[in-house]
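Quick note: the coordinates plus some simple rules give every number you see, no bench work behind them. In this text, all values refer to a predicted model and were calculated from it rather than measured experimentally. Cβ placement follows ideal geometry from the backbone for every residue including glycine, while neighbour counts extend to all protein chains displayed.
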Amino acid sequence: MKTQINPQDTSRAEAFNLWLSSPMPMVTLTKTFNVSNLLKQSKKLNISFNALLCWCIGKVASQIEEFYLLIEKDKLYKYDKIAINVIVNNKKGGINSCDIAFNEDLTQFVKDYTQLTQRTSQENKSNFLEDYMIIGTSAMIETELDSIVNQYTDKFTNPMLMWGKYRKHLFKTLLPISFQFHHSQMDGGHGAKFLELLQKEIKKA
């Protein structure tokens, strides 16, 4: 469910007033994650690495209040459900978007992830969910990337995480992940806390 709320009645009141009119209100943080355990679990459980990472993102985000807020034009909305968006390569050589509702049950989330992304790819048609707070993701695994800064558009102010190909070292596997968010939605401290909690979730997944 999506509800418009008064920014002045929230903890984001000052930030909303300060950053709403900024020509570039997006903040990008990049952290290098140790994903050794995530890679190990994906192989052990026969689960896509990307699906498992998306589940970890959803699990951590679902516990942080700011992730349920979204700036649209000059209004602030609050959601009660979260979904993860992934970019899917389609049969025509292009890309489509696919929204997957977050489910704390890993097995169900992976099942939904697999079915929806495969259908999106086969049908060359994007799958969008209404009334969900969408967290965008984009995996560019063709090469190793140190950081990604996405374009800013007022048509899409949702938080987004982006990464390239993970890097295998002798004793661990590393993956830099860029996290972009609207400054009216959260502050740098919130973003840093999310990344720290995400690393902890990845280690215990």
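Calculate, for Glu142 and Asp80, the FRET efficiency according to 1/(1 + (r/R0)^6) with r their C-beta to C-beta distance and R0 30 Å; round to the nearest 0.05.
It comes to 0.25.
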**Fill in**
Where a ≥ b ≥ c are root eigenvalues of the Cα gyration tensor, a/c under 1.5 meaning rounded, otherwise prolate if a/b exceeds b/c and oblate otherwise, the range 115-205 counts as oblate
**Asked** What residue among Thr30, Thr120, Thr143 shows peak mean-square fluctuation when the chain is described by a Gaussian network model with Cα springs under 10 Å?
**Response** Thr143
**Request:** For the chain, restrict the atom set to alpha-carbon positions and state the Rg and Dmax in Å.
**Result:** 16.8, 52
**Complete:** Karplus-derived 3J(HN,Hα) from phi for the range 142-148 (6.51 cos²θ - 1.76 cosθ + 1.60, θ = phi - 60°), whole Hz, x at Gly and Pro, runs 6, 8, 7, 10, 7, 6, 9
**Prompt:** So what are the ³J(HN,Hα) numbers for the range 184-199, from phi and the Karplus equation (6.51, -1.76, 1.60; θ = phi - 60°), rounded to whole Hz, Gly and Pro as x?
**Reply:** 6, 6, 7, 9, x, x, 5, x, 5, 5, 4, 5, 5, 5, 5, 4
**Asked** In whole Å, what is the distance between the alpha-carbon centres of the range 110-151 and the range 5-58?
**Response** 14
**Asked** Can you list the HN-Hα couplings for the range 67-81, worked out from phi with the Karplus curve (6.51, -1.76, 1.60; θ = phi - 60°), rounded to whole Hz and with x for Gly and Pro?
**Response** 6, 8, 9, 9, 8, 10, 6, 10, 10, 10, 10, 10, 10, 10, 9
**Prompt:** Of Lys125, Lys155, Lys31, which has the largest mean-square fluctuation in a 10 Å C-alpha GNM of the chain?
**Reply:** Lys155
**Request:** Excluding Gln185 itself, calculate the net charge of residues whose Cβ lies under 10 Å from the Cβ of Gln185, where each Lys or Arg counts +1 and each Asp or Glu counts -1.
**Result:** -1
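Pull out the extension gain between Leu29 and Arg119, defined as 0.36 nm times the separation in residues minus the alpha carbon to alpha carbon distance; nm, one decimal. Write down the numbers at each step before the final one.
Numbers: separation 90, 0.36 × 90 = 32.40 nm, distance 3.23 nm.
Answer, rounded to one decimal: 29.2 nm.
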